[in-house]
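Structure first, then comments.
The values are calculated or read from the model by the stated rules, or taken from the named source; none is laboratory data. Since the structure is predicted, the reported quantities are computational estimates derived from the model, not experimental observations. Methodologically, a virtual Cβ is constructed for each residue, glycine included, from the backbone with ideal geometry; neighbour enumeration extends over all protein chains shown. What goes into the accessible areas is simple: the full protein's heavy atoms, side chains included, and nothing from ligands, DNA or RNA. Shrake-Rupley method; radii C 1.70, N 1.55, O 1.52, S 1.80 Å.
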Amino acid sequence: MVVVTGLRRYGKTSLMLTYLNETGKRYVYVDCKFLPPAVSLKSFMSLLEAGLSNVDWGRRLLGKVSLAEVSLGGFGLKFKNKEEENLLRTIKALEGSVLVVDEAQALRNSAYRFDSLLAYIFDNLDIKLMISGSEVGLLYRFLRIDDPSAPLYGRAFSEIRIKPLPRDMAREFLAEGFKQEKISVDERVLDEAVENLDGVIGWLTYFGYSYVTGEADAKRIYEGASKLAVEELKRALTLYGEGEPRYREALKIVATLRSASWSEIKRGIGARLGEVTDSKLSNILKNLKDSGFIVKDENGYSISDPVLARGILSYL
Ligand SMILES: Nc1ncnc2c1ncn2[C@@H]1O[C@H](COP(=O)(O)OP(=O)(O)O)[C@@H](O)[C@H]1O
Ligand SMILES: [Mg+2]
């Protein structure tokens, strides 16, 4: 099992798919970000089927599965229902290939134990698992590899942790892209872009693409990116229902102060929304951290992505 981690737009999906395509591995790709908030077996199955129907061998395989030619003999499992049997039959037919589960943390919101399913595949089938997620803390909360009571406990895996490009490489990446497009840009534009976007490869690509396709006003590009980032954030925050205003407030305080201490956040929320208990605040900050929106270091809490920070100040 390989676990590929890194924040949004660090290039996880591109890295996995490039690797699989270049090495010619047979794989099926499932992107859990397309699943509904509460994941059912059925919705996962549809996604898997969609992934398979993208490729020739997958379509053939689906045909075989529907004819029940794939034997589950020796599978050693009791099925709870027809749906689970179907899913396992399809998965069994994937032997010899790589199963890529992208944004896998979404599978934690389910009555079905997808972690058990992964453990089952790991232990019993000739299938390589490639698991990825942008919400790294939540991903590990789902996998619980260190928890002795969890199905995946103690399984061997390697983690590939993707980081943003260092500043000089980010600058080179942009410069090279503009060169390929035969567009000359001012040095200042490059410096400013790296300043604003950090080394996040997805934002650098967004910037280059927007610029090359006719948006010469860099400010507008940064604003567009910020809006995008905030839209994603808002979608993620709906998860917290009635608690959401506190999450928003915490993020605004952190973005405003750039680096905020626990007590500054507590006071800030208290002033606007009423007292928040330590345990509630601790929960809020843990969830924001595990979703990759904030990071904590010795100076306090800060927003993980400068584009998002800008967006929070303007649009949240
Ligand atoms: N190595 C790379 N070279 C060029 N562009 C890249 C590279 N990696 C990622 N990108 C670009 O960045 C964008 C975000 O990458 P993606 O793989 O979707 O990130 P993630 O899956 O981590 O959210 C992609 O749309 C792609 O265009
Ligand atoms: Mg991705």
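Quick look at the numbers
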| item | result |
| --- | --- |
| Count of residues meeting criterion [open to solvent by 40 Å² or more (accessible area, probe 1.4 Å) and within 14 Å of ligand 2 (Cβ to nearest atom)] in the range 26-45 | 3 |
| Qualifying residues in the range 1-25 (those that are over 12 Å from the mean Cα position of the chain (by Cα) and hydroxyl-bearing (Ser, Thr, Tyr)) - the one farthest from ligand 1 (Cβ to nearest atom) | Thr23 |
| Residue match in the range 204-224 (condition: within 16 Å of ligand 2 (Cβ to nearest atom), modelled with pLDDT of 95 or more, part of a loop (DSSP other than H, G, I, E, B) and open to solvent by less than 80 Å² (accessible area, probe 1.4 Å)) | no |
| Any hit, the range 131-146, residues being aromatic (Phe, Trp, Tyr) and surrounded by 19 or more Cβ atoms within 10 Å (Cβ to Cβ) | yes |
| Failed item, numbered, when Ile201 is tested on (1) in contact with a helix residue (DSSP H, G or I) (Cβ under 8 Å, 6 or more places away or on another chain); (2) at pLDDT below 95; (3) more than 20 Å from Leu316 (Cβ to Cβ) | (2) |
| Close pairs from the range 132-160: first within 25 Å of Asp305 (Cα to Cα), partner open to solvent by less than 40 Å² (accessible area, probe 1.4 Å) and among the acidic types (Asp, Glu), Cβ under 6 Å, at least 6 apart | Ser132/Asp102; Gly133/Glu103; Gly137/Asp290; Leu138/Asp290 |
| Candidate set from the range 196-249 (those that are of a type in the set (A, V, I, L, M) and within 16 Å of Val185 (Cβ to Cβ)); member that is nearest to ligand 1 (Cβ to nearest atom) | Leu204 |
| Meets criteria (open to solvent by 50 Å² or more (accessible area, probe 1.4 Å) and either out of contact with any Pro (no Cβ under 6 Å at 6 or more places or on another chain) or free of Cβ contacts under 8 Å to residues at least 24 places away in the same chain (or both)) for Gly177 | no |
| Criterion: in the same structural domain as Ser134 (by TED's automatic domain parsing), open to solvent by 20 Å² or more (accessible area, probe 1.4 Å) and in contact (Cβ under 8 Å) with a residue 40 or more places away in the chain - qualifying residue of Thr23, Thr13 | Thr13 |
| Sole exception among (1) open to solvent by 50 Å² or more (accessible area, probe 1.4 Å); (2) at pLDDT 95 or above; (3) not hydroxyl-bearing (Ser, Thr, Tyr) for Asn299, by number | (2) |
| Out of Ala218, Ala250, Ala225, sole residue that is touching a residue at least 60 places away in the same chain (Cβ under 8 Å) and within 19 Å of Tyr315 (Cα to Cα) | Ala225 |
| So Gly76, is it at pLDDT below 95 and at positive phi | yes |
| Hits in the range 191-203 - residues which are assigned to a helix (DSSP H, G or I) and of a type in the set (A, V, I, L, M) | Ala193, Val194, Leu197, Ile201 |
| Residue match in the range 199-212 (condition: more than 24 Å from the chain's Cα centre (by Cα) and not aromatic (Phe, Trp, Tyr)) | yes |
| Pair list, Cβ < 6 Å and 6+ apart or interchain, from the range 260-279 residues that are within 16 Å of Lys296 (Cβ to Cβ) to residues that are modelled with pLDDT of 95 or more and among the small types (Gly, Ala, Ser) | Ala260/Gly300; Ser261/Gly300; Ile265/Ala250 |
| Extreme residue, nearest to ligand 1 (Cβ to nearest atom), among residues of the range 26-48 that are within 20 Å of Leu138 (Cα to Cα) and without any contact (Cβ under 8 Å) to a residue 60 or more places away in the chain | Phe34 |
| Condition check for Leu165: open to solvent by less than 70 Å² (accessible area, probe 1.4 Å) and without any contact (Cβ under 8 Å) to a residue 24 or more places away in the chain | no |
